[in-house]
Amino acid sequence: MVMPRFVRPKEGDSESSPNLYVANCGPAVGLQFDTIVSAFSSFGEVKGVYAADESGARVIVSFLEPASAHSAFIALNGRPCPHLGGRSLHIRHSILQPPSSRGMASVPVSLNASDLNIPGLYLFHDFISAVEEEQLLQAVDTGSWISLSKRRVQHYGYKFCYDTRNVDTKQHLGALPSFVSFILERISLSPDIPEKLDLDQLTGLALWSSEDTQQVHGLLKLPL
């Protein structure tokens, strides 16, 4: 689920907003949303409390009326709140940013490879189970990561060199890790068994439009 996008209002528009950005407040510091609603309801009707980000320690408190939000701001900003365990709250006014036209553009989603009419493309639903997915994630976290800009990676089989966008076939890193053995068994009917594994974790961004380096990955690539 995409969280609503709240931003700082322009100068002079603060008191016209019914929303407050509240830091040092949220599940990560032991304050559940219903507790937060109860504490702020003394200033007026609260429409909802939303996570401001993924930290769990910052929330958006949305009132029905802007005057209620401003009253809460005056009373609680920089002061301990007795109804929230005496925590000192750091508050600022916030407004809901309307989605951009680019963000509203409809992007077609295909659930079958045949919809795309790309030769050699196959899509297998539920290739691994939810339990197997959890086991894979736990196993991956025990490995040694290489930190790059806004991402971290692990390489098995052969190391991908980002400078040259290629691999050194003379430097074999060894066998693929045991935690992917069951995956290799499932694709064993293919004549081309993978000999290289890349684990890529991105932080704060999605995969941008790109093309795979064919001389590295060959004709067969299996994204999971």
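Readers should treat all values here as calculations from the given coordinates under stated rules, not as data from a laboratory. Quantities reported herein were computed from a predicted structural model and do not represent experimental measurements. Glycine gets a Cβ as well: all are built from the backbone with ideal geometry, and neighbour counts include every protein chain shown.
Within the stretch 54-75, the residues that satisfy the criterion of being under 18 Å from residue 26 (Cβ atoms) and without any contact (Cβ under 8 Å) to a residue 40 or more places away in the chain are 54, 55, 56, 57, 58, 59.
So, residue 27, is that one without any contact (Cβ under 8 Å) to a residue 40 or more places away in the chain and loosely packed, with under 15 Cβ neighbours inside 10 Å or not?
Values: without any contact (Cβ under 8 Å) to a residue 40 or more places away in the chain: yes; loosely packed, with under 15 Cβ neighbours inside 10 Å: no.
For residue 27, the condition - without any contact (Cβ under 8 Å) to a residue 40 or more places away in the chain and loosely packed, with under 15 Cβ neighbours inside 10 Å - is not met.
Residues of the stretch 158-182 that are assigned to a strand (DSSP E or B) and either charged (D, E, K, R) or more than 22 Å from residue 147 (Cβ to Cβ) (or both): 159, 168, 169, 170, 172.
Just checking, does the stretch 86-97 include any residue being in a strand (DSSP E or B) and among the β-branched types (Val, Ile, Thr)? Give the derivation first.
Going through the stretch 86-97, the residues in a strand (DSSP E or B) turn out to be 87-96.
Subsequent filtering for residues that are among the β-branched types (Val, Ile, Thr) retains 91, 95.
There is at least one residue in the stretch 86-97 that is in a strand (DSSP E or B) and among the β-branched types (Val, Ile, Thr).
In the stretch 139-158, the residue that is surrounded by the most Cβ atoms within 10 Å (Cβ to Cβ) out of those that are within 18 Å of residue 183 (Cβ to Cβ) and among the β-branched types (Val, Ile, Thr) is 140. No other residue among 153, 131, 109 is part of a loop (DSSP other than H, G, I, E, B), among the aliphatic types (A, V, I, L, M) and within 21 Å of the chain's Cα centre (by Cα) apart from 109. Screening the candidates 68, 62 for the property of being within 16 Å of residue 91 (Cβ to Cβ) and in a helix (DSSP H, G or I) yields one hit, 68.
Count, please, the residues in the stretch 134-147 that happen to be in contact with a Leu (Cβ under 9 Å, 6 or more places away or on another chain) and assigned to a loop (DSSP other than H, G, I, E, B). Count: 2. Reported count of residues in the stretch 151-169, each being in contact with a helix residue (DSSP H, G or I) (Cβ under 8 Å, 6 or more places away or on another chain) and more than 20 Å from residue 184 (Cβ to Cβ), is 2. Please go through (1) touching a Phe, Trp or Tyr at 6+ places or on another chain (Cβ under 9 Å); (2) exposed (fewer than 15 other Cβ atoms within 10 Å of the Cβ); (3) of a type in the set (D, E, K, R) for residue 58 and return the number of the only condition it doesn't satisfy. Condition not satisfied by residue 58: (2).
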